[in-house]
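The values are calculated or read from the model by the stated rules, or taken from the named source; none is laboratory data. Note that the coordinates shown come from a computational prediction; the quantities given were computed from them, not determined experimentally. A quick note on method: Cβ atoms are made from the backbone with ideal geometry, for glycine too, and the neighbour counts reach across all protein chains shown. Keep in mind that these areas ignore ligands, DNA and RNA; they rest on the heavy atoms of the full protein, side chains included. Shrake-Rupley method; radii C 1.70, N 1.55, O 1.52, S 1.80 Å.
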Amino acid sequence: RFASAGTSPTTTGSFFPANRTELFDYDAIIIGNLSATSFIDQQLLQITDFVRLKGGGLLLLGGSLSLSHPNREESYLVTPIASVLPVEIELGQLLATDYLPTSPSRFKFTLSNAGRKSPLLTFADGTYDNLRQWHQLPELIGYSKVKRAKAGAVVLATHPSDRNQFGPRILLARHEYNRGRVMIFTPHD
């Protein structure tokens, strides 16, 4: 079972399991484009315990409300969720987004060496066929900037041209956190 927190901040609390026992019945949680203030403190701690103690999976998706929020109080940076992520969150970054059809901010997913070998990112048998499939995917538009990968994290994909002092900007990363698994996907589309 998967618990999914969607895109409407007006439904605060109603999308989340009623208690820790109910939450622990799930296998994974997907948080999509919700600011940290969409959750109460107890829910954020339960999510962390879900990963750390139960061994559940967590997928955090990028978006203007989730990862790119410049307001410290609404960012996951100051919550328990930040401790379980495979990356360090970067506060105060404006969105790297431009939705014009000819925008230079359109980009292709660039698989890292680990990403090319990952069964999670395999579309076809054989390295050449798999990379060809990736190359044929549509361009992405916009992503949330994160600072860098944490020790032990596996970076699966990066931005083809945007960099910071730690290297190419991370688009997809994962790691194991205590008993659980956590993945972050920073593109917005």
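Table for the structure above
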read-out	value
Single condition residue 94 does not satisfy, out of (1) at pLDDT 85 or above; (2) not in a strand (DSSP E or B)	(1)
Filtered residue count, region 172-184, keeping only those that are within 14 Å of residue 144 (Cβ to Cβ) and modelled with pLDDT under 95	0
Residue 50, sole failed condition from (1) within 23 Å of residue 148 (Cβ to Cβ); (2) open to solvent by less than 20 Å² (accessible area, probe 1.4 Å); (3) at pLDDT 85 or above	(1)
Hits in region 126-144 - residues which are open to solvent by less than 40 Å² (accessible area, probe 1.4 Å) and either closer than 17 Å to residue 88 by Cβ or without any contact (Cβ under 8 Å) to a residue 24 or more places away in the chain (or both)	130, 143, 144
Set 111, 120: member being modelled with pLDDT of 90 or more, open to solvent by 70 Å² or more (accessible area, probe 1.4 Å) and of a type in the set (A, V, I, L, M)	120
